[in-house]
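Structure record follows, encoded as structure tokens.
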Amino acid sequence: MSDHDSLPLQSPILNYERTHDLERLKFAINSSEDGIWEYNIQTNITSVSKRWLDIIGYEENEYQSSVESWKSLLHPDDREQALGILLNSIANKIESAHVRYRVRHKNGQWIWIHDRAKILFDSDGTPLIVAGFRTDITKQIELENHNEELAAIVQNASIEVYVLNAKTLQYVYANDGALKSLGYSLDELKNLTLKDINPELTDEQIDIFRQYLNHISPVLSNISRHKRKNGSFYPVQASIHKLMYQGQASVVTFDTDISELTATQDQLRHLATHDALTGLPNRILFHDRLQMAIKKNQRKKEKIAVLFVDLDHFKQINDSLGHPVGDKLLILVAKRLQTLLRESDTIARMGGDEFNILVDEITNTEILIDISEKLVHAFQEPFMIDKHRLYATLSIGISIYPEDGASTEVLLKNADTAMYRAKNEGRNTYRFYADEMGEKAFERVVMENALRIALKENQFTVYYQPQVNLLNGQWVGMEALVRWNHPTLGIVSPVNFIPLCEETGLIQEIDFFVLENVIKQHIEWGKMGLYVPKTAVNFSAKTLANRHIAKEVKSIMKFYHCTPQCIAIEVTESQIMHNPQEVIEILGELKDLGLEISVDDFGTGYSSLSYLKRFPIDKLKIDQSFIHDIPNDEEDMAITKTIIGLAHNLKLDVIAEGVETIEHQKFLIENGCFLGQGYLFSKPLDTEAITVQLRINADSGESF
Ligand code: C2E
Ligand code: MG
Ligand code: MG
């Protein structure tokens, strides 16, 4: 207490009697947390309690209480306001005044004071005394400031902050960032619930959310999409916390707009699931879509189709015009496919020149015929690339779910198989995978295997069929014809296995097997003292495609000391016409070995006369189909005559196949063909039977 001992004795506001309570009152005043002060307006005397001196850090003897000394402690910024409020209250006869201001502590720091003053007026309204309580509220102000700062940070944060009522999930607060992103005002938002802003949240997700609220879990993270006031959406990553807000159990969510992140992720996902060249979905995405379609369809009765599309002859275009042109073509092909199909159909580039199309929700499979025909038809039109007019037709294989397969793998495999059938059957067309096709493919695999075993286990044998002089029946040659002596099936005709051998390349081994067998047999017959006519061996075009064939034939002949008089070669007309330029060269090399060369099945292969002239050949073999209906079919007879005439003109020998009747023989002789082969003279015979015949011939004095 200062020198002013009048306090509290003179304090009218305390209005205590000057009694024995004085000591207790003094004690109470001094032990109060608040500093007490009094100013007598009439006398201009002030007094303060010791507590006030403690608050501002002064000892009793260091502080002279006066209005001036109080004013000198006031913060310059607060001085005017503090005085103003007090003076205003006095002037307006208001009995109390509350004011906050800063005063300088003795240590130089500013402290915050909350001053509550009471003003005592006399009956005339003249102010007599002002007195009050001063509380150090520095800590409280700091806390308030801190809270305000935090609130401002939250309010201005770019992250979206929301507070929701935990029970109703109704919004109670949102910061500026949130309101700006959504386009709502706070009042509008307060009428909405979590589901309004996150309409894509499923009930299940909301349940999880509620469970989280009921359990002690520190934080929940979630990705959802917010719906803006204007109806558009944006993705957010939310971090959800529980807290008490304004006395209510609440949820605060911090949501980050992840549009950019999702856009980058989408871009990466796009790159991983699309073909860079054409922009079409790639193999991965196609598998996904097909799988999804199957899943979706399991409940429905609709069908799904996979169209496996392969460009015909793309490799040639790529090889001859270069990859840049090939790439441009693929881009145009992709575009053309897109224009022909529905937007809902998935068109994918599976790699190279392979495209897959997924057509779902098919109620009638006839539609697939329409689609395939439309595609095949549209690809008859050429593509113009760098002034090149390029034709790229399509071969399409179709598999249908569920009948052609229940899984993506099987459907794709079967569409692929069907596509190969379309290729094999002339390209530029489409084929459906049917169940029996699978069986055929299976048979094929079994057959191919069996043929390989047959080669290893020597199940092939050679039959011989004589070729005769039609005038006198004398043998002028023989043809070696392969047979498959299958352990359980018995003798299998070459028409049943040669095509497959040609496809698989096994034919070359078979042709050489026959060649070597014939040469060895000739040696055997030689040892028996039998004279054997020249024997023709059939060479497939696939065998001729081997550039070293002449060398190989030569080395075999050399090995067995076989002269070219022993053997001849037969090549079918259709096969040599396939690639005439190359065949001319190879046949030339064989001819140079001294071998006679015949063109087999002549008349069926549409020979070009200009080529025929250049072929190094010796003989034409009229195909048996022209002989068969002689003398009934005028046209066949005309053709046969033409072939004979052609052979004469080209100075080639001519022989007829399939001579079965005397009429055939007569007709041929009459028209100048004097050589023949057929059942009329002999069927093809095995080695044993032919050897018997050769011996009979020898005994009858036939010589060659
Ligand atoms: P190809 O070379 O035209 O052989 C003649 C075919 O006509 C033989 O059938 C023969 O049995 C049959 N034939 C002979 N005379 C008559 C007749 O009077 N009437 C009728 N209807 N048919 C007759 P095969 O032995 O079944 O051979 C069929 C085809 O298989 C051969 O036709 C040939 O193209 C091919 N082939 C046979 N062996 C070989 C071989 O070792 N290598 C190659 N690459 N092909 C072979
Ligand atoms: Mg032949
Ligand atoms: Mg023939």
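The values are calculated or read from the model by the stated rules, or taken from the named source; none is laboratory data. Here the structure is a predicted model, which is why all the values come from computation and not from measurement. For neighbour counting, all protein chains shown are included, and Cβ atoms are generated from backbone atoms with ideal geometry for every residue, glycine included. All accessible areas refer to the heavy atoms of the entire protein, side chains included, with ligands and DNA or RNA removed. Shrake-Rupley method; radii C 1.70, N 1.55, O 1.52, S 1.80 Å.
Find the centroid of the Cα atoms in region 205-267 and in region 124-181, then give the distance between the two in whole Å.
That distance is 25 Å.
Would you kindly derive the ³J(HN,Hα) couplings of region 41-49 from the backbone phi angles with the Karplus curve 6.51 cos²θ - 1.76 cosθ + 1.60 (θ = phi - 60°), listing them in order in whole Hz, with x for Gly and Pro?
Residue by residue, region 41-49 yields 5, 5, 9, 6, 9, 10, 9, 9, 7 Hz.
Let's see if you can work this out: charge +1 on each Lys and Arg Cβ, -1 on each Asp and Glu Cβ, no other charges. What is the dipole magnitude of region 274-450 about its Cα centre, in debye to the nearest 20?
Values: 24 positive and 28 negative charges, 82 e Å.
So the dipole magnitude of region 274-450 works out to roughly 400 debye.
Restricting to DSSP loop positions (anything but H, G, I, E, B) with no more than 15 other Cβ atoms inside 10 Å of their own Cβ, which trypsin sites (Lys or Arg not before Pro) remain in region 68-121?
Values: sites: LYS71, ARG79, LYS93, ARG100, ARG102, ARG104, LYS106, ARG116, LYS118; in loops: LYS93, LYS106.
For trypsin sites (Lys or Arg not before Pro) across region 68-121 that sit outside H, G, I, E and B with at most 15 neighbouring Cβ atoms in 10 Å, the list reads LYS93, LYS106.
Provide, as a two-decimal number, the C-alpha radius of gyration of region 475-699 over 2.2 N^0.38 Å, N being how many residues it has. Write out the running numbers ahead of the final one.
Numbers: Rg = 17.5 Å, N = 225, 2.2 N^0.38 = 17.2 Å.
That works out to 1.02 for region 475-699.
Find the accessible area per residue for region 274-450; the probe is 1.4 Å, ligands and nucleic acids are left out, and the unit is Å².
Details: 9190 Å² over 177 residues.
That works out to 52 Å² for each residue.
Tabulate in residue order the Karplus-calculated ³J(HN,Hα) for region 326-338, using 6.51 cos²θ - 1.76 cosθ + 1.60 with θ = phi - 60°, rounded to whole Hz; enter x for Gly and Pro.
x, 5, 4, 4, 4, 5, 5, 4, 4, 5, 5, 4, 4
Along the charge dipole of the chain, pointing to its positive end and built from +1/-1 on Cβ of Lys, Arg, Asp and Glu, which listed residue (VAL219, ILE317, ASN671) has its Cα farthest out?
VAL219
For the Cα atoms of the chain, what angle does the longest principal axis make with the long axis of helix 203-214, in degrees from 0 to 90, nearest 10?
40 degrees
Want the number for ILE523 to SER96: 0.36 nm per residue separation, take away the alpha-carbon distance, what's left? Don't skip to the answer; put the middle values down first.
Numbers: separation 427, 0.36 × 427 = 153.72 nm, distance 14.29 nm.
Full extension from ILE523 to SER96 adds 139.4 nm.
Please list the three semi-axes, largest first and in whole Å, of the ellipsoid equivalent to region 30-145, using sqrt of 5 times the eigenvalues of its alpha carbon gyration tensor.
Numbers: eigenvalues 109, 55, 33 Å².
Taking √(5λ) for each eigenvalue gives 23, 17, 13 Å, largest first.
SER224 accessible area, nearest 10 Å², 1.4 Å probe?
Surface accessible to solvent at SER224 totals approximately 20 Å².
Mean residue ellipticity at 222 nm from the helices of the chain, using -39,500 (n - 2.57) per DSSP H segment of n ≥ 4 over the full residue count, to the nearest 500 deg cm²/dmol? It would help to have the intermediate numbers written out before the result.
On the way: 27 runs with 309 residues, N = 704.
The helix contribution divided over the chain gives -13500 deg cm²/dmol.
In the full protein assembly as shown, how much of LEU330 is accessible to a 1.4 Å probe, in Å² to the nearest 10?
Approximately 0 Å² for this residue.
Give me the angle, in degrees from 0 to 90, between the Cα long axis of helix 634-649 and the longest principal axis of the Cα atoms of the chain, rounded to the nearest 10.
Tilt relative to the chain: about 80 degrees.
How many percent of the alpha carbon pairs in region 377-418 exceed a separation of 13 Å?
61 percent
Among MET577, ILE159, ILE362, flag the residue with its Cα farthest along the positive direction of the charge dipole of the chain, charges on Cβ as +1 for Lys/Arg and -1 for Asp/Glu.
Highest projection toward the positive end goes to ILE159.
Please list, ordered by chain and number, the residues whose modelled amide H lies under 5 Å from the amide H of VAL492; skip anything fewer than 5 residues away on the same chain.
TRP484, ASN485, HIS486
Going by amide H atoms built from the backbone, whose H comes under 5 Å of the H on GLY279, apart from near neighbours?
none
Only Lys, Arg, Asp and Glu count, each charged at its Cβ (+1, +1, -1, -1), so figure out the dipole size of the chain about its Cα centre, rounded to 20 debye.
Here the chain has a charge dipole of around 520 debye.
Show HIS241, HIS215 ordered by accessible area, largest first, where the area counts protein heavy atoms only and the probe is 1.4 Å. Spell out each step's value before the answer.
Working: HIS241 55, HIS215 110 Å².
My answer, sorted largest first, is HIS215, HIS241.
Between TYR401 and residues 5 or more places away or on another chain, which pairs have amide H atoms under 5 Å apart, with H built 1.01 Å from N, and which residues are they?
ILE304, ALA305, VAL306
For region 153-161, just list the computed ³J(HN,Hα) in residue order, Karplus coefficients 6.51, -1.76 and 1.60, θ = phi - 60°, integers in Hz, with x standing in for Gly and Pro.
Values, residue by residue: 4, 4, 4, 9, 4, 6, 5, 7, 10 Hz.
So which trypsin sites (Lys or Arg not before Pro) in region 602-660 end up in coil per DSSP with only 14 or fewer other C-beta atoms within 10 Å?
Numbers: sites: LYS613, ARG614, LYS619, LYS621, LYS641, LYS651; in loops: LYS651.
Of the trypsin sites (Lys or Arg not before Pro), the ones in loops of region 602-660 whose Cβ has at most 14 other Cβ atoms within 10 Å are LYS651.
Counting other C-beta atoms within 10 Å, and keeping those with at most 11, which DSSP coil GluC sites (Glu not before Pro) do you find in region 542-587? Walk me through the intermediate numbers first.
On the way: sites: GLU552, GLU570, GLU573, GLU582, GLU585; in loops: none.
Qualifying residues, ordered by number: none.
At a 1.4 Å probe radius, which order do MET244, MET478, MET637 fall into by accessible area, largest first? Don't skip to the answer; put the middle values down first.
Details: MET244 125, MET478 0, MET637 20 Å².
Largest accessible area first, the residues go MET244, MET637, MET478.
What percent do you get for the relative contact order of the chain when only Cα pairs under 8 Å and 6+ apart count? Show your work: numbers first, answer last.
On the way: 1135 pairs, mean separation 42.3, N = 704.
Across the chain, relative contact order equals 6 percent.
Using Cα atoms only, what is the angle between the long axis of helix 580-592 and the major principal axis of the chain, expressed in degrees (0 to 90) to the nearest 10?
40 degrees
On the accessible surface of region 228-278, probed at 1.4 Å, how many percent belong to carbon and sulfur atoms?
On the way: 1810 of 3140 Å².
Heavy-atom surface of region 228-278 belonging to carbon and sulfur, 1.4 Å probe: 58 percent.
State the answer as a single residue: which of ASN61, LEU261, ILE111 lies farthest towards the positive end of the charge dipole of the chain, with beta carbon charges of +1 for Lys and Arg and -1 for Asp and Glu, about the Cα centre.
ASN61
Would you please give the FRET efficiency between LEU471 and LEU332, computed as 1/(1 + (r/R0)^6) with r the Cβ-Cβ distance and R0 = 60 Å, to the nearest 0.05?
Working: r = 65 Å, r/R0 = 1.08.
That pair, LEU471 with LEU332, gives E of 0.40.
Can you give the FRET efficiency to the nearest 0.05 for ASP203 and GLU302, using r as the Cβ-Cβ distance and R₀ = 30 Å?
Details: r = 29 Å, r/R0 = 0.96.
With R0 = 30 Å, the Cβ-Cβ based efficiency is 0.55.
Could you calculate the contour length gain from THR273 to THR563, that is, 0.36 nm times the residue separation minus the distance between their Cα atoms, to one decimal place in nm?
Details: separation 290, 0.36 × 290 = 104.40 nm, distance 6.52 nm.
Residue separation times 0.36 nm, minus the Cα-Cα distance, leaves 97.9 nm.
Mind pulling the per residue volume of the convex hull built on the Cα atoms of the chain? Å³ is fine. Could you put the intermediate results ahead of the total?
Numbers: hull volume 218.8 nm³, N = 704.
Considering the Cα atoms of the chain, their hull volume per residue is 311 Å³.
What dipole magnitude, in Debye to the nearest 20, does region 475-699 give about its Cα centre under +1 on Lys/Arg Cβ and -1 on Asp/Glu Cβ? Intermediate values should be presented prior to the final figure.
Details: 19 positive and 32 negative charges, 177 e Å.
With Lys and Arg at +1 and Asp and Glu at -1, about 860 debye.
Please work out whether region 538-628 counts as rounded, prolate or oblate from its C-alpha gyration tensor, where a ≥ b ≥ c are the square roots of the eigenvalues and a/c under 1.5 means rounded, while otherwise a/b larger than b/c means prolate and anything else oblate?
Numbers: a/c = 2.13, a/b = 1.56, b/c = 1.36.
Since a/c reaches 1.5 and a/b is larger than b/c, the shape of region 538-628 is classed as prolate.
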